[in-house]
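The structure appears right after this line, and notes come after that.
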Amino acid sequence: MANLATMLISFERFSSGLRRRAIQVGDHRIVYSEGGKGEPVVLVHGFNASADTWNRFAGRLTKRYHVVAPDLPGWGASTRLEAESYGYPKQVERLRQFLALLGLRRVHMVGHSMGGFIATAYAAQYPEEIITLTLMAPHGVAEPQPSDLARSVAEGDNWLVADSPQAFDRLLNNVFAKRPYVPGLVLQYLAKRTIQSSAKSAKIFAEMQTNDPPLEERLPRIKAPTLIVWGDQDRVLHVSSLDVFRLGIKGSEVLMLRESGHMPMTENTRQCAVAWQALLDKPRQAFETAA
C-alpha cells in the first residue's frame, strides 16, 4: 500500500515538473523538490506537511521559474532528530544554509502557515535576499480574534496534531473548507505517517508558540514587495490576522479568498498562482513609490 501511495505522490510531483533531490545541511539531510528554469522561487510548507503540499501550485510555476520546495528539517522525508529543536529561529537559519548550499542568494519566497512565519522572519532578517514575498495564511502574530484552533487548544484539544485515523480525518475537515480529491491509498499513507510522528509534532507545536522578539515588531523591516493570501473560512489561523500583516508590511497587497480554508494553494490554486504572477509582473518602481 505504501509503495503505491508513494508512486501516486511521485506522479503528481512529476506532472508538476518537479524531481526529488537531497543535500546534507549540518546534521540534517534535507530532501527537496526542484524543477524548472528561471528566477528562483522557494516554497516553504506548513506544520505537519512537506514539499508535496505545493505540487499543484508549483505545476503552474515550473514552466517559467526555477522552483525549489524543501521538506523542512523535522518534516517530510528530511531528518528529524528527537533531541533537536525545530522552533522558528533554528528553522530560519537552516533554510538559509540550505539555500546557500544550492547557490541561491536572492529568491522569490512563498510561505504557508508555519512556513509563512519562517518566510516572514527570513525576509525581515535578510531583506536583501528576498525579491518578493508571498504569505499564505501565515502563523506568528497575536490573533485579534481567536481561531477555532486557538479556542480548542485553550481547552486542551489540539486537533492540529492527529494521533489516530479519526483525528487525522478531523484535521483534514478543519484545514479545508472543501476537501480536494485525494486517492484513498494516499490518505491512508499520510495518516499513518502523521500519527507515527504526533508526539514530536506536539513538541514542535509548543516551541512555535513562543517567539522573541514578537513577529509584529519585525514586520516593518520587510522591504520586498509582498502579497498576503487568506481564506475567509480559515479555522486554523483567524482571518483577522491578515490586517496585522497588511499594516505591518508597508505596501503589501492582499488576496482574500471566499469559501476557502487554511490551504489556499490547494483549494484555490489558480487564483493564488494568478495573484502571485501579478505581484512579480508589477513594476518594481510602483512598490518603491507605495513605500
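The values are calculated or read from the model by the stated rules, or taken from the named source; none is laboratory data. If you're wondering where the values come from, they're calculated on a predicted model, not measured in any experiment. We place every Cβ from the backbone using ideal geometry, glycine too, and count neighbours over all the protein chains shown. Keep in mind that these areas ignore ligands, DNA and RNA; they rest on the heavy atoms of the full protein, side chains included. Shrake-Rupley method; radii C 1.70, N 1.55, O 1.52, S 1.80 Å.
What to note about this one:
- With 23 Å as the limit on Cα-Cα distance, the pairs of LYS223/LYS282; LYS37/LYS178; LYS203/LYS223 that go past it are LYS37/LYS178; LYS203/LYS223.
- Nearest-10 value in Å² for the accessible area of VAL141, using the 1.4 Å probe: 20 Å²
- The local environment of GLY59, defined by Cβ-Cβ distances under 10 Å, has a net charge of +3 under the rule Lys, Arg +1 and Asp, Glu -1.
- GNM remark for the chain: springs join alpha carbons under 10 Å apart, and the peak mean-square fluctuation among ARG106, ARG258, ARG246 falls on ARG258.
- Residues considered: ALA100, ALA121, ALA77. Largest GNM mean-square fluctuation over the chain, using C-alpha springs under 10 Å, is found at ALA100.
- Per DSSP, loop GluC sites (Glu not before Pro) in the stretch 48-145 with at most 11 further Cβ within 10 Å: GLU82
- The stretch 1-106 - Rg (one decimal) and Dmax (whole number), Cα, Å: 13.6, 41
- Size estimate for the stretch 167-207 follows the Kirkwood approach: the inverse of mean 1/r over distinct Cα pairs works out to 11.3 Å.
- For the stretch 92-240, the spread of Cα positions along each principal axis, largest first, Å: 45, 36, 28
- Taken per residue, the accessible surface of the chain reaches 45 Å², heavy atoms only and a 1.4 Å probe.
- Measuring how big the stretch 125-210 is from its alpha-carbon positions, Rg and Dmax come out at 15.7, 45 Å.
- Here the Gaussian network model covers the chain, with springs between Cα atoms less than 10 Å apart; of MET256, MET265, MET114, MET256 fluctuates the most.
- The separation of the stretch 62-136 from the stretch 21-36, counted between C-alpha centres, amounts to 12 Å.
- When DSSP beta bridges are restricted to pairs lying wholly in the chain, around 35% turn out antiparallel.
- Computed with the Debye formula from one identical point scatterer per Cα of the stretch 158-291, without solvent, the log10 of I(q)/I(0) at q = 0.12, 0.14, 0.16, 0.18 Å⁻¹ comes to -0.63, -0.82, -0.99, -1.13.
- Solvent-accessible area, 1.4 Å probe, carbon plus sulfur percent, for the chain: 52 percent
- Taking all Cα pairs closer than 8 Å and separated by 6 or more residues, the relative contact order of the stretch 134-246 comes to 52 percent.
- Evaluated at q = 0.07, 0.12 Å⁻¹: base-10 log I(q)/I(0), Debye formula over Cα of the chain: -0.23, -0.72
- Against the rule of thumb 2.2 N^0.38 Å, how large the Cα Rg of the stretch 206-262 comes out: 1.22
- Rounded, prolate or oblate (a/c below 1.5 giving rounded, otherwise prolate when a/b exceeds b/c) for the stretch 226-289 by Cα gyration tensor: oblate
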